[in-house]
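> Take this structure, written in C-alpha cells, and hold onto it; I'll ask about it next.
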Amino acid sequence: MAFLDHVAILQVAVPLLAAPLCVMLPGRHLPWALTLAVSWFTLVCSIVLLAEVSAGGSIAYHLGNWPPPIGIEYRVDAINALVLLVVSGISAVALPYARRSVEHEIEPDRHGLFYTAYLLCLTGLLGVTITGDAFNIFVFLEISSLSTYVLVAAGARLDRRALSAAYTYLVLGTVGATFFVLGVGLLYMVTGTLNIADLAERLPPLAESRVVQAAFAFVVAGMGLKLAMFPLHTWLPNAYAYAPSLVTVFLAATATKVSVYVLLRFVYTVFGHEFAFIEPVLAWLVLPLAVIAMLAGSVVAIHQDNLKRMFAWSSIAQIGYMMLGLALASASGLTATVLHLFNHALMKGALFMALGGVMLRIGAVSLASVRGLASEMPWTFAALVIGGLSLIGVPGTVGFVSKWYLILAAIEKGWWLLALLIVAASLLAVIYVWKLVEAAYLQPAPQDRERVRDMPPDMLIPLWVLALANIWFGIDAGLTTSVAGTVVNAFLGGGS
Amino acid sequence: MPEAITEHYNYWLVIFLLMAGLFVTITSGNLVKKIVGLNVFQTAVFLFYISLAKLEGGTAPILTGEPERFSNPLPHVLILTAIVVGVATTALGLALVVRIRETYGSIEEAGLQEADRQDELRAAAEQGR
C-alpha cells in the first residue's frame, strides 16, 4: 500500500509542510486544530512503524529513491521507533491540553506563530530520530533547536527571564551542535561517508586513528551539551522554568530524550562500544558524571522554591540515570536507559502538565503559592502525586521498572556502592516530592488567595492519560521491556 | 615539525578560529559580542569542511572526459546548509538580544544576571508576605 511504503517520510514531511500553512491560518483555533491533527497523524505513523520493527527488523526508506551512499536514507529500527513513539505520543497527548494553556499564556495574535514554531520543533525531533544520515541529524537538530529557542522565549509574556534563558540556551545549544557537526566532519574525512550504517562498517579498522578518536570526543561533548549531561546542564533549569507550560511539557518529555538517543546511536551503532578507546571514556568520564548528576541534581532540586525549576533539576538527575545505564554498557544497563527514556517522558510529561494547570489557575508555581491547593484542585494534585511517586521509583509505577534494571546492572558488575548511590538518589527524590505534597495537602491556604476550581476537563484528561500510563506501564512493562530487549540485542549483539 | 604546520596550515587556521570564537563566546560579557564569537566559531567549521574537500590542483567536478582531479563537491553542499543554519542562528540570537534590550535595558551579561537576581528576590518577598 502506498501509505505504508511511505510512512517513514510522511512522519517528518507532514509536520514540516504543516508549519508554513500554520503561519497563514487566522485566529487562535485553526492553528491549534491543525497542530493537533498533525500530532495525531505522526502518532499513527510511529505506531505503524513500531509495529513493523518491534520484532527486530528494520525499515529503510531512500529519499527520492536515491540509493543510500548517494542519497539520504531513513532507517527505522526498534530504538528509534520507540523514541518516535515517545515524541509523537507526548505531542498527541499534550495538544488537547494545549489549547487553554496557550490561550492563557501566549499573546492572542501570536498563536499561529507559536504553533508554527511548535510544529517545526516536532519536525526536528522526529527527523533527528528517524534519519540514518549523520549530517541530516545535525540539520534536524538545528531545526528543532532553533524553534525551541523561540518557544522558550515565548514565555516572556509571563516572566521576562524567559528571554535570558532562551539566549543562554541558544549560545550553548549552538556550541553543542557545532561540536557535533565538527565530529561528523572528522568522521567523513576518514570514511568518506555520512550514512550511519556505512560509518558503522567502515570505522572498526580505523579504531586506532586519532581522527576517529577526536570525532568521538566532539560528538560526545556536543551531544552532552544538548542532552544536559552534567556539567553541561546549565542552560536547562531556567529554560524549563520560564518556558510556557506546553513547551516545558513537550521539551522535558522529548527533547533531551532525542539527544540521548543520538548519543546511544553513536556510541553503540556508529562506533561500537568495544572500541578500545570508548570503554575508558564510558567508565571513567561518563559514569562518574552520571553519578554526580544523579546526586547533585536531586540535592539542588530539594532547595528550589519554583516548582518548575525543581522538576527541571530533577530532570538533570534523571538524565544522570540514563547516562549511567549507557555507561555501564551491559544488557541490564542499556535496558534501563531505554526504559527510562520512555518512562521519564511519561513522568515529566504528567508532572509539568499538572504544574501547567496550577499556572493556569494561580499564575505562579512556587512552593508558597500551592499551599493548601490540593483540596481545591484534587484531580490535578492526585496526578501530580502519581508522577512524583513514579519519579521516586515506587513499585507499581514506571519509575520502579527502570530503576530496578539500573540497580540490577550495578549489582551484576558487583558495584554495590553504585547500587547504594542509585537508591540514595531516589531517596533524595522523596524529599523534594514530599516538600510539594506537604505544601499542597497539609498546609492551610493563605487567607488572601481566592478559591480556585480544578482544571477544566480538556486539560485534566490528557494529564490523567499520562498519569495512568505511569501506572499501566509500571505494572505491565511487557511492551516496553520487549522493545528494550530488541534494542539491546541490536546494540550489544550482532552489530559491530 | 615545520612541515606539519606549513602543509596543513589551513587546519591550524581552523583550530585557531575555533578557539578564538569559543573564547569570545565564553568570556565576553556583551551579548552581541557573544553572538559574533559564535559566528567565528561556526565559520571555523565551515572552513574545516571546505578544506577537507579540496584537492591540490582539483577543479570543479564537471565531467569533461579528460582525466582531471576534482574537488569533492559534497562538503560544499553540506556547508551551504550549515551556513543557512548559521544565518538563522545569528538572526534569532540578535532578535533575542533586541528583546532583552527592550525588557531589561541592558545587553551586558552582568546587568542581566543582576536583574534576574532582583526578580528572584522580589518574587520571594511577595510570597513571604
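> Given the conditions (1) loosely packed, with under 13 Cβ neighbours inside 10 Å; (2) among the hydrophobic types (A, V, I, L, M, F, W, C); (3) facing chain A (nearest Cβ under 8 Å), report the number of the one that B:V97 does not fulfil.
Condition (1) is where B:V97 drops out.
Listed here are the residues, each with its yes/no results for (1) touching a Cys at 6+ places or on another chain (Cβ under 7 Å); (2) touching a residue at least 12 places away in the same chain (Cβ under 8 Å); (3) of a type in the set (S, T, N, Q).
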position	(1), (2), (3)
A:F216	no, yes, no
A:W235	no, yes, no
A:N238	no, yes, yes
A:L246	no, yes, no
A:R265	no, yes, no
A:P288	no, no, no
A:V291	no, yes, no
A:V300	no, yes, no
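> How many residues are open to solvent by less than 50 Å² (accessible area, probe 1.4 Å) and within 16 Å of A:L125 (Cβ to Cβ) if we restrict to the range A:11-49?
15
> Can you go through A:L172, A:L163, A:L141, A:L182 and tell me which one is within 12 Å of another protein chain (Cβ to nearest Cβ), more than 20 Å from A:C22 (Cα to Cα) and free of Cβ contacts under 8 Å to residues at least 12 places away in the same chain?
A:L163
> Say whether the condition of being small (G, A, S) and within 14 Å of the chain's Cα centre (by Cα) is met by at least one residue in the range B:76-85.
yes
> Taking the conditions exactly as written (within 23 Å of B:S28 (Cβ to Cβ), among the hydrophobic types (A, V, I, L, M, F, W, C) and assigned to a helix (DSSP H, G or I)), does B:A125 satisfy them or not?
No, not satisfied.
> Right, next: Residue pairs, Cβ under 7 Å, 6 or more apart or interchain, first in the range A:408-426 and under 16 Å from A:I316 (Cα atoms), second of a type outside the set (A, V, I, L, M) and surrounded by 13 or more Cβ atoms within 10 Å (Cβ to Cβ). List them.
Short answer, once both residue conditions are applied: A:I422/A:K403; A:A425/A:S298; A:S426/A:G393; A:S426/A:K403.
> Here is a further query. Give the residue, chosen from B:E120, B:E108, that is closer than 13 Å to A:S164 by Cβ, surrounded by 13 or more Cβ atoms within 10 Å (Cβ to Cβ) and within 9 Å of another protein chain (Cβ to nearest Cβ).
Going through B:E120, B:E108 in turn, just one is closer than 13 Å to A:S164 by Cβ, surrounded by 13 or more Cβ atoms within 10 Å (Cβ to Cβ) and within 9 Å of another protein chain (Cβ to nearest Cβ): B:E120.
> Let me ask something else. Please go through the range B:34-73 and pick out each residue that is aliphatic (A, V, I, L, M), open to solvent by 20 Å² or more (accessible area, probe 1.4 Å) and either part of a loop (DSSP other than H, G, I, E, B) or in contact (Cβ under 8 Å) with a residue 40 or more places away in the chain (or both).
B:L55, B:A60, B:I62, B:L63
> Taking the condition modelled with pLDDT of 90 or more, in a helix (DSSP H, G or I) and open to solvent by 20 Å² or more (accessible area, probe 1.4 Å), does A:V281 pass?
In short, no.
> Another one. Considering only the range A:292-314, I want to know if a residue exists there that is under 17 Å from the mean Cα position of the chain (by Cα), closer than 30 Å to B:L121 by Cα and of a type in the set (S, T, N, Q).
yes
> Quick one: which of A:A134, A:A81 is more than 12 Å from chain B (Cβ to nearest Cβ), open to solvent by less than 20 Å² (accessible area, probe 1.4 Å) and either within 29 Å of A:T480 (Cα to Cα) or at pLDDT 90 or above (or both)?
Among A:A134, A:A81, only A:A81 is more than 12 Å from chain B (Cβ to nearest Cβ), open to solvent by less than 20 Å² (accessible area, probe 1.4 Å) and either within 29 Å of A:T480 (Cα to Cα) or at pLDDT 90 or above (or both).
> Could you run through the range A:428-450 and say how many residues are among the polar types (S, T, N, Q) and under 22 Å from A:I386 (Cβ atoms)?
1
> Being facing chain B (nearest Cβ under 9 Å) and either under 25 Å from A:Y268 (Cβ atoms) or not in a helix (DSSP H, G or I) (or both): is that true of A:Y149 here?
No.
> Return the total of residues in the range A:353-376 being closer than 18 Å to A:N306 by Cβ, in a helix (DSSP H, G or I) and open to solvent by 10 Å² or more (accessible area, probe 1.4 Å).
4
> Filter the range A:96-110 down to the residues that are surrounded by fewer than 24 Cβ atoms within 10 Å (Cβ to Cβ) and within 12 Å of A:T35 (Cβ to Cβ) and list them by number.
Selection gives A:P96, A:R99.
> Sticking with this structure for a sec: Given A:A336, A:A329, A:A350, which one is open to solvent by 10 Å² or more (accessible area, probe 1.4 Å) and aliphatic (A, V, I, L, M)?
Checking each option against the conditions leaves just A:A329.
> Within the range A:185-201, restricting attention to residues that are within 9 Å of chain B (Cβ to nearest Cβ) and out of contact with any strand residue (DSSP E or B) (no Cβ under 8 Å at 6 or more places or on another chain), which residue is least open to solvent (accessible area, probe 1.4 Å)?
Ranking the qualifying residues of the range A:185-201, first place goes to A:G185.
The values are calculated or read from the model by the stated rules, or taken from the named source; none is laboratory data. Everything quoted here is computed from the prediction, not taken from an experiment. Note that each Cβ is placed from the backbone with ideal geometry, even for glycine, and that neighbours are counted across all protein chains shown. Just the protein is used for accessible areas: all its heavy atoms, side chains included, with ligands, DNA and RNA removed. Shrake-Rupley method; radii C 1.70, N 1.55, O 1.52, S 1.80 Å.
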